[in-house]
Amino acid sequence: MKQGFLTHGRVRLLLSKGHSCYRPRRTGERKRKSVCECIVGANLSVLNLVIKNILRLTDTTVPRRLGPKRASRIRKLSSLRASTSKSESSQK
C-alpha cells in the first residue's frame, strides 16, 4: 500500500531511490512497479496495522449484564465441580 493514491485498485508507478516499496540495485535505476491503493476495501486479503489502546474507550472493562444459561457453565462460573453434583444426585 502506498499513500497518496486514492484509487480502489492497483497502480503502476515509476519508482526510483527514496520511494517506499522499492530499493534500486544500481545508481539512478528506476523501475515501474504495481503498487496497491491506499483505500482499505473488501478486495484486500492482508492488512498490516498496529492497534493501540484509546484512552477511556478500549482500556476500560464493562461488567457482564447477563449470566450463562447452560447448567455446566453456571457450575463453572460458581466454581462447583460437575463430579460432586453428579454424585449427590445419584445418592438421592
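Determine ³J(HN,Hα), in whole Hz, for all residues of the range 16-33 in sequence, where each value follows from phi through the Karplus function 6.51 cos²θ - 1.76 cosθ + 1.60 and θ = phi - 60°; x replaces Gly and Pro.
Couplings: 9, 4, x, 7, 6, 6, 8, 10, x, 8, 10, 6, x, 6, 10, 8, 8, 10 Hz.
Quick one: which residues, 5 or more positions from Val35 or on another chain, have an amide H under 5 Å from its amide H? H modelled 1.01 Å from N in the peptide plane, none for Pro or chain starts.
Excluding prolines and chain starts, which carry no amide H, the hits are Val11, Arg12, Leu13.
Apply the Karplus parameterisation 6.51 cos²θ - 1.76 cosθ + 1.60, with θ equal to phi minus 60°, to every residue of the range 52-65 and state each ³J(HN,Hα) to the nearest whole Hz, in sequence, with x for glycine and proline.
In residue order, the calculated couplings are 10, 6, 9, 4, 6, 10, 9, 8, 9, 9, 9, x, 6, 8 Hz.
Determine the principal axes of the Cα atoms in the range 25-68, then give the extent along each, sorted from largest to smallest and rounded to whole angstroms.
64, 24, 17
Which order do Glu37, Glu29 fall in if you start with the one that has the fewest other Cβ atoms within 10 Å?
Glu29, Glu37
Under the rule of at least 5 residues apart or a separate chain, name every residue whose amide H is placed under 5 Å from the amide H of Phe5.
When sequence neighbours closer than 5 places are left aside, the close amide H contacts are Cys38.
Bear in mind that the values in this text are calculations on the coordinates, not laboratory data. Model, not experiment: these values are computed from the prediction. When we count neighbours, we look across all protein chains shown, and the Cβ atoms used for this are built from the backbone with ideal geometry, even at glycine.
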